[in-house]
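Each reported figure results from applying straightforward, stated rules to the coordinates on display, with no laboratory input. All values derive from a computational prediction rather than experimental measurement. Positions of Cβ are backbone-derived with ideal geometry, glycine not excepted, and every protein chain shown enters the neighbour counts.
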Amino acid sequence: MGANVILQKRMDELGLTQDELADRCNQALSEVTGRTGDMSSRTIRNLLNGTTRRPIGRTCVALERVFGCPVADLGFSAPSSMHHPPEDPVRRRDFIVATTGTATAALSVGRQRRSVGMTDVARASAGMNKLVEADDRQGGHRSLAAAALAGRAKILELQQQNASETVRRALYALAAEYTTIAAWACIDLRDLDTAQAHLHEATTFAGLSQDAPTGMRVWINVAMLAYQRKNWPEQLAAAQAANASKAARSDPFFSSMGRVRLALAHSSMGDPQAAKRALGSAQETLRKAVEDDRPRWTAFYGPAELNHLAAIILNHNGESADAEAMAHRALAKIPAEFQRNRALATCQLALAQLRQGEPEQATATAATVFQIMDGAPLPGRMRTLIGDFHRDLFRMAPSTAYARDWADRMREEWSRA
């Protein structure tokens with residue numbers, strides 16, 4: 001006697017617990033025989049631990065219907081009445097089941113709705129991660145939003161198939177993730193009304209998933225959208241929701257992410273002291289975080305990104321020298337593949353230098369943004385920052401040669417959009 005590792009693997013692929021498999025088997029028997037099955041978690045436990053190696057006919061019927069294959073493919077020896085003719089693949093899909101010696105039904109596995117498992121979730125997740133990587137490089141763009149919505153559509157199609165509760169929640173988390181990517185792309189493009197609609201949908205999917213990191217991501221994006229809309233009370237409320245989320249309560253990494261959003265909201269509302277307190281708390285909390293297996297979208301966040309966000313907060317607070325120092329720290333550590341974030345941190349550095357009365361140095365710094373983006377069109381959010389720099393530069397040094405050169409470069413780069 002030995003454990004049935006084949007059955008365990010198939011259960012893992014479908015994300016089924018013992019109780020869930022028993023329920024699915026009883027449902028299958030009800031559909032086939034018209035009578036409710038009496039399988040329990042103990043039945044499944046005996047199948048898994050090897051106590052039952054040759055299931056009775058009713059159990060075989062249920063297992064074959066749930067998994068869509070002969071019981072022999074699940075590691076069992078089937079009763080003679082359950083043997084499938086090997087010579088004809090079509091006939092293998094049609095089988096007659098006897099229960100208590102009586103033929104009960106003819107099933108066609110090929111006509112059943114297939115079951116969705118964790119392998120499908122992993123495949124869909126890999127596609128989503130590719131979109132996250134594209135966003136890291138270029139920032140939001142129309143094709144990214146379209147690809148994210150196409151990915152979500154496939155996830156919602158999978159939701160129509162048979163799935164365990166675990167798998168269904170994972171699919172809702174992916175639907176929320178894909179929708180949030182689309183929303184984030186629209187925020188970066190400053191298509192804020194569309195972003196708002198996507199985030200409403202993402203909030204629903206995240207709630208259905210009951211996945212803490214996914215919920216955290218949605219609240220952060222709600223806060224960022226409110227920031228772009230200059231809706232400071234909503235920005236603060238969303239940051240507070242992120243900070244109070246299950247993810248933030250259970251992991252210092254997510255706690256830091258929520259607290260820095262509070263700092264940004266306080267700075268937007270003109271409360272520099274509260275902003276500095278929240279920023280300090282975010283920095284302290286991040287130092288307590290340990291390496292862990294977190295979703296791919298969190299890869300952007302760490303000490304470097306926290307320094308970038310600190311530069312934004314300090315620029316808002318009018319502490320330009322400290323903002324410049326934080327921007328330098330961020331740029332020293334932001335990985336090269338995070339092009340968009342490096343370019344945004346460079347914008348903050350240029351703004352900090354300009355506000356300290358160094359327009360020529362600031363202009364040289366701002367020009368490197370275009371080099372970092374390497375010919376890619378600037379996302380709308382970045383164009384807004386560059387526009388702010390442009391206006392401040394021409395208020396400070398309108399007739400200088402470097403300002404005129406900057407204006408020429410701006411026209412050239414703007415034409416790429």
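Can you compute the helix-only [θ] at 222 nm over the chain? Use -39500 (n - 2.57) per DSSP H run of at least 4 residues, normalise by all residues, nearest 500 deg cm²/dmol.
On the way: 20 runs with 290 residues, N = 417.
It comes out at -22500 deg cm²/dmol, rounded to the nearest 500.
What is the Cα centroid distance between region 1-69 and region 148-187, reported in whole angstrom?
Cα centroid of region 1-69 versus Cα centroid of region 148-187: 28 Å apart.
Determine the dipole magnitude for region 360-416: charges of +1 sit on the beta-carbon of Lys and Arg, -1 on that of Asp and Glu, nothing else is charged, the reference point is the Cα centre, and the result goes in debye to the nearest 20.
Working: 8 positive and 8 negative charges, 42 e Å.
Here region 360-416 has a charge dipole of around 200 debye.
Among 198, 141, what is the fewest-to-most ranking by other Cβ atoms within 10 Å?
Working: 198 26, 141 18.
Exposure proxy ranking, most exposed first: 141, 198.
Ranked from highest to lowest mean number of other Cβ atoms within 10 Å per residue, what is the order of the peptides 58-70, 21-33?
Working: 58-70: 22.8, 21-33: 19.8.
Top to bottom by mean Cβ count within 10 Å: 58-70, 21-33.
Mind ordering 163-169, 370-376 by average Cβ neighbours within 10 Å, highest first? Mind dumping the intermediate values first?
Details: 163-169: 19.7, 370-376: 14.9.
Averaged packing, sorted descending, gives the order 163-169, 370-376.
Can you give the Rg to Rh ratio of region 113-210, both from alpha-carbon atoms, with Rh computed by the Kirkwood formula? Display every interim value, and only then the final one.
Details: Rg = 13.3 Å, Rh = 13.4 Å.
Computed over Cα atoms, the ratio is 0.99.
Work out the charge dipole of the chain with +1 on the Cβ of Lys and Arg and -1 on the Cβ of Asp and Glu about the Cα centre, then indicate which of 240, 267, 365 is farthest towards its positive end.
Selected residue: 240.
Just to confirm my numbers, what's the Cα centroid distance between region 335-369 and region 267-292 in Å?
About 23 Å separates the Cα centre of region 335-369 from the one of region 267-292.
In nanometres, what is the gap between the two model label sites at residue 232 and residue 190, each 7 Å from Cα along Cα-to-Cβ?
2.1 nm
Test of understanding: what is the full-extension gain from residue 287 to residue 250, defined as 0.36 nm times their sequence separation minus their Cα-Cα distance?
Values: separation 37, 0.36 × 37 = 13.32 nm, distance 1.50 nm.
Contour length minus Cα-Cα distance gives 11.8 nm.
Select one label from (1) 24.6; (2) 20.8; (3) 21.7: the one whose number is Kirkwood radius over Cα pairs in Å as derived from the coordinates shown.
Matching entry in (1) 24.6; (2) 20.8; (3) 21.7: (1).
Arranged from highest to lowest average of other beta-carbon atoms within 10 Å per residue, in what order do the peptides 378-390, 184-196 appear?
On the way: 378-390: 19.1, 184-196: 20.8.
Ranking the peptides 378-390, 184-196 by packing returns 184-196, 378-390.
With both bridge residues required to lie in the chain, what share of the DSSP beta bridges run antiparallel, to the nearest 5%?
On the way: 6 of 8 bridges.
Of those bridges, close to 75 percent are antiparallel.
Per 10 Å bin, what percent of the C-alpha pairs of region 309-414 does each bin hold, from zero upward?
16, 51, 31, 2
Name the residue from 222, 115, 290 whose Cα lies farthest towards the positive end of the charge dipole of the chain, charges +1 on Cβ of Lys and Arg and -1 on Cβ of Asp and Glu.
115
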